[in-house]
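Contents: one structure, followed by commentary.
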Amino acid sequence: MNYKEISELIYPSLPHTPEEYETIYPPRDLPEGAMVTRLGPSPTGFIHLGNLYGAFVDERLAHQSGGVFYLRIEDTDDKRYVENAVETIIGSLDFFDIRFDEGVTETGDIGDYGDYTQSHRGEIYRTYARKLLEQGLAYPCFLTEEEITAIREEQEAQKIAPGIYAGWSKYRDWDKDEEIEAEVVSKIKAGVPFVIRLRSKGVPNASAEETARHTVVDGIRGELSVPDNFLDVVIIKQTGIPTYHFAHVVDDHLMRTTHVVRGEEWLPSLPIHVELFEDLGWELPVYCHTAQLMKIGEDGNKRKLSKRHDPELSLDFYRKEGYHPAAVREYLLTILNSNYEEWRMDNPDAPAEDFKFTTEKMSSSGALFDLDKLNDVSKNTLLHIDARELAEWLKLWSDEFAPEYGYVFRDMDHLAKILDLGRHDARPRADLVYAKQIMDFIGYFFDEAFKIKDDYPAEAAADAKEILNAYLESYDHSDDNEQWFGKIREIAVKLGYAAKPKDYKKNPDDYKGHVGHVSTVIRIALMGRAQSPDVWAIQQIMGEEKVRARIEAALR
Ligand code: GLU
């Protein structure tokens with residue numbers, strides 16, 4: 001039996017030839033330089049920061065260049081399928097403003113290059129597997145698990161590379177041995193399960209100097225010298241489903257992907273992909289292998305973010321805590337491109353989309369993720385969002401994740417004023433970080449959340465009642481900031497406190513404390529805490545009634 005005959009025995013009828021697929025999925029008609037990128041998540045339902053990081057690169061490359069960004073579902077590993085995973089993926093990315101132009105959507109595929117779900121593409125993979133079989137570039141392999149284990153043990157004993165390659169699977173050269181040929185043919189006819197393996201052209205276990213190398217340009221890492229593959233990797237599993245390697249090559253060719261952005265964990269498989277592209281006579285896409293997300297661990301060393309130990313790896317974390325998507329995007333850009341922060345300083349008000357993102361400015365050695373830094377970025381990002389808009393956004397967050405804060409949203413104008421507090425000062429206050437923190441931060445405006453958290457300062461604790469009584473008596477809600485503070489100073493002086501902190505510092509024995517201690521007593525009675533934005537401004541938002549009620553309550 002020759003190669004053609006065996007390929008027909010394995011795949012007797014397929015609807016299209018490889019040539020036909022080339023015309024069904026022609027090169028895309030796009031402007032010069034337009035990039036076509038894709039996200040290929042497995043539908044495991046867990047979509048993490050690393051996915052978002054990659055998706056962001058894909059999205060920027062495609063949309064900056066007038067290209068196409070599409071979603072392909074890579075469900076060739078059937079064990080991992082989780083219900084509603086597609087909705088979760090689309091929903092999570094949409095939240096961060098990452099939108100696809102093409103591919104799988106909640107209501108079906110969009111685009112001319114589908115089907116975009118790998119498990120629906122069986123015929124296509126089989127067509128190309130048949131092509132490789134026909135050319136003798138692939139072969140059916142009947143090795144059992146036990147045989148494969150025995151081979152690995154023998155290879156370990158010989159201290160050579162593990163795996164199936166020339167010299168290790170008797171099925172590789174079935175056409176050169178009549179007995180094996182007969183076995184192969186009868187097994188195929190009898191329906192015995194088998195895999196299809198690449199018949200690699202590489203020389204097994206060649207020394208580093210002898211190994212042929214290919215130069216592959218990586219968008220992030222520059223020129224890579226990729227050694228020849230020699231492994232007869234499985235391309236079609238026993239179930240008829242392709243492996244990642246084969247599906248990647250076939251899909252990214254037929255879907256006309258120009259840039260394959262994927263994690264660096266795929267770098268070791270690159271030799272296999274180079275060989276497969278070559279065997280199929282196709283041009284390599286530009287690979288962009290992104291660095292792992294790292295963090296500084298408890299011991300001070302860099303380590304990979306892990307699903308088990310780092311809740312911040314899950315995108316749900318950001319949604320539940322209520323990080324504004326613009327803040328997360330802004331932060332991701334700072335870790336994605338080393339020159340972003342500088343650009344941001346020069347362009348504080350420009351939309352992030354104006355930044356020219358490039359893969360060359362990406363780190364190839366592990367992008368460092370730092371929650372504190374995200375919080376800092378977030379503070380600044382929120383400053384640029386209009387208070388009313390922020391209020392609306394917080395409400396959406398609360399409706400979905402934290403309905404217990406419903407009382408915050410009874411009066412949206414009131415909330416907008418609260419959020420705007422101190423944001424227009426010469427040095428704007430950047431107190432707001434993420435929704436949960438904001439709920440806590442502004443909690444004192446609402447009786448439902450108001451709690452006395454701090455103690456009166458020691459210098460003034462004994463006089464607290466007297467201070468508050470005097471304050472209540474002199475309080476006039478229409479006083480301006482200066483008049484209001486003048487009255488506090490009077491109270492302070494009357495009770496034996498210095499009118500200015502520096503007087504107290506100079507002669508501490510002459511006073512019980514200073515005006516700051518007195519005003520802190522008032523602050524704590526009103527807000528429950530020793531730190532807050534400007535008290536006068538807060539009172540104006542709270543309204544006279546609440547101000548008086550709080551002081552009275554503290555006097556009880
Ligand atoms: N399905 C692969 C994964 O889940 C995607 C890798 C790629 O983008 O090529 O990691």
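For Arg121, the conditions (1) open to solvent by less than 20 Å² (accessible area, probe 1.4 Å); (2) more than 15 Å from the ligand (Cβ to nearest atom) all hold with the exception of (2).
Answer yes or no as to whether Ser365 is out of contact with any Asp or Glu (no Cβ under 7 Å at 6 or more places or on another chain) and touching a residue at least 60 places away in the same chain (Cβ under 8 Å). Spelling it out, Ser365 is indeed out of contact with any Asp or Glu (no Cβ under 7 Å at 6 or more places or on another chain) and touching a residue at least 60 places away in the same chain (Cβ under 8 Å).
Contact map, the stretch 298-309: first residue under 19 Å from His48 (Cα atoms), second residue hydroxyl-bearing (Ser, Thr, Tyr), Cβ cut-off under 8 Å, separation 6 or more or different chains; pairs are Lys307/Ser314.
When the stretch 304-328 is filtered for residues that are among the charged types (D, E, K, R) and open to solvent by 20 Å² or more (accessible area, probe 1.4 Å), the ones remaining, listed by number, are Lys304, Lys307, Arg308, Asp316, Arg319, Lys320, Glu321.
Here the helices (runs of 4 or more DSSP H) wholly within the stretch 479-556 that include at least 2 residues being in contact (Cβ under 8 Å) with a residue 24 or more places away in the chain are 481-494, 515-527, 535-542, 544-555.
Every residue, every condition in (1) within 16 Å of the ligand (Cβ to nearest atom); (2) over 19 Å from Asp252 (Cβ atoms), yes or no:
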| site | (1), (2) |
| --- | --- |
| Pro12 | no, yes |
| Ile24 | no, no |
| Thr44 | yes, yes |
| Ile47 | yes, yes |
| Leu52 | yes, yes |
| Val57 | yes, no |
| Thr88 | yes, yes |
| Asp94 | no, yes |
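The conditions are (1) outside any loop (DSSP other than H, G, I, E, B); (2) touching a residue at least 24 places away in the same chain (Cβ under 8 Å), and Arg152 fails exactly one of them. Which is it? Every condition holds for Arg152 apart from (2).
If we scan the stretch 282-291, do we find a residue that is under 23 Å from Arg213 (Cβ atoms), outside any strand (DSSP E or B), over 24 Å from the mean Cα position of the chain (by Cα) and of a type in the set (A, V, I, L, M)? Within the stretch 282-291, one or more residues are under 23 Å from Arg213 (Cβ atoms), outside any strand (DSSP E or B), over 24 Å from the mean Cα position of the chain (by Cα) and of a type in the set (A, V, I, L, M).
For every residue, the table says whether it meets (1) at negative phi; (2) open to solvent by less than 70 Å² (accessible area, probe 1.4 Å); (3) at pLDDT below 95.
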{"position": "Met362", "(1), (2), (3)": "yes, yes, yes"}
{"position": "Ala367", "(1), (2), (3)": "yes, yes, yes"}
{"position": "Asp376", "(1), (2), (3)": "yes, no, no"}
{"position": "Asp386", "(1), (2), (3)": "yes, no, no"}
{"position": "Ala391", "(1), (2), (3)": "yes, yes, no"}
{"position": "Leu396", "(1), (2), (3)": "yes, no, no"}
{"position": "Tyr407", "(1), (2), (3)": "yes, yes, no"}
{"position": "Met412", "(1), (2), (3)": "yes, yes, no"}
{"position": "Ala416", "(1), (2), (3)": "yes, yes, no"}
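The combined condition, being open to solvent by 20 Å² or more (accessible area, probe 1.4 Å), in a loop (DSSP other than H, G, I, E, B), more than 16 Å from the ligand (Cβ to nearest atom) and farther than 22 Å from Asn375 by Cβ, is not fulfilled by Glu278.
In the set Val86, Val57, Val82, only one residue is within 26 Å of Ala291 (Cα to Cα), of a type in the set (A, V, I, L, M) and open to solvent by 20 Å² or more (accessible area, probe 1.4 Å); that residue is Val86. Number of residues in the stretch 299-329 that are part of a loop (DSSP other than H, G, I, E, B) and not polar (S, T, N, Q) equals 10.
The values are calculated or read from the model by the stated rules, or taken from the named source; none is laboratory data. Keep in mind that what you see is a predicted model, and the values were worked out from it rather than measured. Cβ sites come from the backbone with ideal geometry, for glycine too, and all protein chains shown count toward neighbours. The accessibility values were calculated without ligands, DNA or RNA, using every heavy atom of the protein model including side chains. Shrake-Rupley method; radii C 1.70, N 1.55, O 1.52, S 1.80 Å.
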